[in-house]
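Data block below; observations after.
Since every read-out is calculated from the coordinates, none of them should be taken as a lab result. Just so it is clear, the model here is predicted, and its values are computed rather than measured. A quick note on method: Cβ atoms are made from the backbone with ideal geometry, for glycine too, and the neighbour counts reach across all protein chains shown.
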Number of protein chains: 2
Amino acid sequence: MSLTAKPIQHHYAYHQIAEEIQAQILRGDLKPGDQLPGEAELGTMFGVTRSTVREGLRQLEADGLVHRPSPRRLEVTVPQADQLTTRAGRAMALMQVTFRELWQVTMVTEPLASKLAALNATADEIEQLQQLHADLLAAEGQMARTIELDEQFHTRIAEMGKNRVLGLAREPIALLLFRGFAKIAPFAPQFYKRQIEAHSNIIAALRDGDGERAEKWARMHIEDFWRGAQLAGLEDSIALSPRAVT
Amino acid sequence: MSLTAKPIQHHYAYHQIAEEIQAQILRGDLKPGDQLPGEAELGTMFGVTRSTVREGLRQLEADGLVHRPSPRRLEVTVPQADQLTTRAGRAMALMQVTFRELWQVTMVTEPLASKLAALNATADEIEQLQQLHADLLAAEGQMARTIELDEQFHTRIAEMGKNRVLGLAREPIALLLFRGFAKIAPFAPQFYKRQIEAHSNIIAALRDGDGERAEKWARMHIEDFWRGAQLAGLEDSIALSPRAVT
DNA sequence: CCTGCATTTGTGTCAGACGCTAAGGGCCAA
DNA sequence: TTGGCCCTTAGCGTCTGACACAAATGCAGG
């Protein structure tokens, strides 16, 4: 009944080249930092023209598997998180995801991040977070700045949890959701205060290495956000006009 | 103290072209399904050669913003989830993430998926899930098949939750983690049974629309997985040799 | 009206060329 | 000897022009 028709990809030369180099990177034959031969040389190696090689390279470049520190050097690189973040963010924007969807996921990612941070953060990291919090205090009332610092605060906590998977997964989501604060703030000025209170309590919990408490306050913090969204009537509205992702 | 140096991107022509078209897509001027002009025409429009246009297009193609249904047609498309999944999976593999990292995140995503599924699934969807479960029963002892069906089972549940953000975020993670079952199974043959039990209970909870129970069983299911990983001594081992991601 | 063929159009790839800049090497001075 | 400067040059970004092949189109014939 279900015929899995998988149209064989055309074997375009440029595609094959990208594929081959990618394979060598994933296989470990090429390691991050390694420098690749020049385009001309690659051309002769693969038996194609430089133009063809270049098209393949553009694809690898877009994939984030290689990059050019300078136009002269072409080296292997490990995909950067922010690149994936942008891509995922763009996808979500184009999918027109709602605040509800973003919030539901954030309700589990941020508490987890806080819990992990409480268990793994160094005193030094907590100090830096405290500094960030001080900046937030100083920015009370300035919406754009507040949003930016809030993003940073949460990202920092996620980093402190020492879980790269969580970092990768939550970043684009948090970015989109927190940015929605811009639409919420006008309806709920008191949230500035509640945000500060929550952040303070999270920091305190981190200091005590109290995972549960950190988790709890993070959850309350995100719940607050939802109440704000409800006040603003944004629950099922689209989180972001795609243009803003750029 | 912190100097935010942002290296001005060189304004390579091919890059500008990709950027410009991308902007028009994100802005909504170009909608998914729209067909773009031929390469030659684009060339004259932007005042560059066809080669240059082509390099830009390769980048957009890799970004998943355009694709060719047939070599003759070039149309705008919304990024496909599986494409993002591959990319994220590749990144995690290259980062050499550990089972612990994957598991920690899965411990919150899968229960959430189950809960949402319980609240949003249609009877029809549950029926399909039941079918999948039957296949799993039939595959007892066959590891590769079991892993495949398990992946499908969880992905299906996530879809039933009607949260695209969660779907996007969890897919690459679940893929890597569940694939690790291959290394665990030999140490813990009893997990086949426990898996089936958990899946049965999740389905039952979905039938009753009981979010809490679905969540609880999902959590127990993933916890089981961790016990298996511990038996196999895999907690902090790298989840996957990058090659397997291809 | 539909079918089959011829035509046309656009892609994938090739070959060759040119300006410009960054990388690398040699030279001079400290 | 070592450090800094200049110069050469290799390599990138872009362009021009071309050709084969396949898909889309138009046309003729049944």
* Asked: What is the mean number of Cβ atoms from other protein chains located within 10 Å of the Cβ atom of each residue in peptide B:105-112, rounded to a whole number?
  -> 5
* Structure fact -> Per GNM of chain B with C-alpha springs under 10 angstrom, the most fluctuating residue out of B:196, B:222, B:25 is B:25
* Sort shortest first the distances from residue B:71 to its counterpart in every other copy, using label points 7 Å along the Cα-to-beta-carbon line, and give them in nm. => 3.2
* Structure fact -> Per the 1/(1 + (r/R0)^6) rule, R0 = 30 Å and r from the Cβ atoms of residue B:196 and residue B:235, FRET efficiency to 0.05 is 0.75
* Per-residue HN-Hα couplings for the range A:51-60 [Karplus 6.51, -1.76, 1.60; θ = phi - 60°; Hz; x = Gly/Pro] -> 4, 5, 4, 4, 4, x, 5, 4, 5, 4
* **Amide hydrogen neighbours beyond the local backbone of residue A:66, cut-off 5 Å, H modeled** => A:61, A:77
* **Given charges at Cβ of Lys, Arg, Asp, Glu: the range A:31-183 dipole, positive-most of A:166, A:79, A:48** => A:48
* Structure fact -> Going fewest to most other Cβ atoms within 10 Å around each Cβ, B:202, A:21 line up as A:21, B:202
* Distance check, please: which entries in A:115/B:216; A:162/A:183; A:31/B:183; A:183/A:216 exceed 21 angstrom between their Cα atoms? => A:162/A:183; A:31/B:183; A:183/A:216
* Structure fact -> Going residue by residue through the range B:164-169, the Karplus relation 6.51 cos²θ - 1.76 cosθ + 1.60 with θ = phi - 60° gives ³J(HN,Hα) values, rounded to whole Hz and with x marking Gly or Pro, of 5, 5, 4, x, 5, 6
* Structure fact -> Quick shape summary for the protein assembly as shown, equivalent ellipsoid via Cα gyration tensor, semi-axes whole Å in descending order, reads 36, 31, 23
* Structure fact -> Using eta = 1.567 mPa s and T = 4 °C, Stokes-Einstein with Kirkwood Rh from Cα pairs puts D for the range A:13-76, in µm² s⁻¹, at 113
* To do: Mind checking B:193-199 for the average number of partner chain beta-carbons within 10 Å of each residue's beta-carbon?
  => 0
* Asked: Averaged over all directions, how much area does the convex hull of the C-alpha atoms of the range A:20-174 cover when projected, in nm²?
  -> 12.6
* To do: For chain B, calculate the relative contact order in percent as a whole number, restricting contacts to Cα pairs under 8 Å that are 6 or more residues apart.
  => 24
* Structure fact -> Per GNM of chain A with C-alpha springs under 10 angstrom, the most fluctuating residue out of A:55, A:212, A:125 is A:55
* Could you run the Karplus curve 6.51 cos²θ - 1.76 cosθ + 1.60 with θ = phi - 60° over the range B:190-202 and give me ³J(HN,Hα) per residue in whole Hz, x for Gly and Pro? => 5, 6, 4, 5, 5, 4, 4, 4, 4, 4, 4, 5, 5
* Structure fact -> Note: B:221-231 gets an average of partner chain Cβ contacts (10 Å, Cβ to Cβ) equal to 0
* Asked: Pick from B:112, B:26, B:231: which is most flexible by mean-square fluctuation in a GNM of chain B where alpha carbon atoms under 10 Å apart are linked?
  -> B:26
* Structure fact -> In debye to the nearest 20, the charge dipole size for the protein assembly as shown, taken about the Cα centre with +1 at each Lys and Arg Cβ and -1 at each Asp and Glu Cβ, equals 520
* Asked: Say a label goes 7 Å from Cα toward Cβ at residue B:12 in every copy; what distances in nm does this one have to the rest, shortest first?
  -> 1.7
* **the range A:82-245: proportion of alpha-carbon pairs further apart than 19 angstrom, %** => 52
* Structure fact -> The rounded separation in angstrom of the Cα centers of the range A:65-137 and the range B:57-120 is 16
* In nm, what does the list of distances from residue A:212 to its counterparts in the other copies look like, shortest first, when each label sits 7 Å along Cα to Cβ? -> 1.9
* Asked: In whole percent, what relative contact order does the range A:13-76 give with Cα contacts below 8 Å and a gap of six or more residues?
  -> 43
